[in-house]
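Right, one structure below, let's go through it.
The values are calculated or read from the model by the stated rules, or taken from the named source; none is laboratory data. Just so it is clear, the structure is predicted and the values come from calculations on it, not from any experiment. Cβ placement follows ideal geometry from the backbone for every residue including glycine, while neighbour counts extend to all protein chains displayed.
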Amino acid sequence: MRSGLTTVVFVLLVGVAAVVCFGPWYETDSSLMFMALVKLAALLIGALGSFLVHIQIDPSKTQSRAWLRMAIGLLLFASAQSVLAYHQIILNELVPFPSAADPQFVAGTILLIWALFEFCIYFARSGISLGRLSVFWSPAMITAVVFVCLVPPLLAPVASASGSAAETFLNLFYPIAGFALLAAGTVALRVGVLMRGGKLLNIWVPITLGVVTLTASDILFSYLTSLDITGIESPIDFLYIAGYLLIARGVLSQLEMMHKPNN
């Protein structure tokens, strides 16, 4: 599929997801099926694409190992999403929290953080002029400052909520881990901006935007559920769908770049 057509398909899927999540059909069986299938498809495409990139790069290189970790992380996310889909579609019940999906989400998130920071280390050691180390890592440091200023007040109600220890841990872990992903993603995005030709931008803009939406959804979920605020499922579902689709699009952009002539 050509790059422009692929982008159109992804944009259409995000648009349909918005209609489904914010329209009157959100709680219907067909909507649940659509959301579950799109999430699974995006994660599986991202995982397969990352693995295909991995096997085409010298396995001794840091970049190759990073793509493999990303592939495994996204595959763990897909497995976790299948658990959620089983509860929602097969059992027709609310997904328990914590659930059997959460250990897979936690492991997958850790692998994605590891992968993104490995990408950053690869860029820093590539020999390309990207500025002093303090400048190179400045997007991550800015993200850390935002985290310190913004997240503790937001997560204070989570830490003091009357849930189980596992529930409290997960509600703290997901947004904190999301900011770690965001820190690495913004560094990679800066590298893409500095590179001529826009090729890396096509990879890291969607991946970074995907990480931003996942971080926002994790913070919303943790904060609002700790306050027992209901009716938040539709925006959170939309953010997850958009995030997974954006990450998958970035991975496919990497594959497309590798398969173009003279690349």
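Overview of values
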quantity	calculated
Residue in region 147-154 that is surrounded by 11 or more Cβ atoms within 10 Å (Cβ to Cβ), out of contact with any strand residue (DSSP E or B) (no Cβ under 9 Å at 6 or more places or on another chain) and within 21 Å of Phe97 (Cβ to Cβ) present	yes
Matching entry among Thr7, Thr28, Thr62 (being more than 14 Å from Ala248 (Cβ to Cβ), over 16 Å from the mean Cα position of the chain (by Cα) and in contact (Cβ under 8 Å) with a residue 60 or more places away in the chain)	Thr62
Matching residues in region 199-210 - criterion: being of a type in the set (A, V, I, L, M, F, W, C) and either surrounded by fewer than 24 Cβ atoms within 10 Å (Cβ to Cβ) or modelled with pLDDT under 90 (or both)	Leu200, Leu201, Ile203, Trp204, Val205, Leu209
Criterion: of a type in the set (D, E, K, R), at pLDDT 80 or above and either within 20 Å of the chain's Cα centre (by Cα) or not in a helix (DSSP H, G or I) (or both) - qualifying residue of Arg249, Arg196	Arg249
Top-ranked residue of region 156-173 - restricted to ones that are at pLDDT 80 or above and hydroxyl-bearing (Ser, Thr, Tyr), ranked as surrounded by the most Cβ atoms within 10 Å (Cβ to Cβ)	Thr168
Flag for Thr109 being surrounded by 14 or more Cβ atoms within 10 Å (Cβ to Cβ), part of a helix (DSSP H, G or I), of a type in the set (Val, Ile, Thr) and in contact (Cβ under 8 Å) with a residue 60 or more places away in the chain	yes
Residue match in region 90-101 (condition: assigned to a helix (DSSP H, G or I), buried (at least 16 other Cβ atoms within 10 Å of the Cβ) and out of contact with any Ser or Thr (no Cβ under 6 Å at 6 or more places or on another chain))	no
Among the residues listed as Asn202, Asn171, the single one being under 22 Å from Gly46 (Cβ atoms), within 23 Å of the chain's Cα centre (by Cα) and not aliphatic (A, V, I, L, M)	Asn202
Criterion: in a helix (DSSP H, G or I), at pLDDT 85 or above and buried (at least 24 other Cβ atoms within 10 Å of the Cβ) - qualifying residue of Ala180, Ala242	Ala242
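Yes or no, residue by residue, for (1) buried (at least 16 other Cβ atoms within 10 Å of the Cβ); (2) modelled with pLDDT of 95 or more; (3) within 18 Å of Met257 (Cβ to Cβ):
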site	(1), (2), (3)
Gly4	no, no, yes
Ala17	yes, no, no
Val20	yes, no, no
Pro24	no, no, no
Asp29	no, no, no
Phe34	yes, no, no
Gln56	no, no, yes
Pro59	no, no, no
Ser64	yes, no, yes
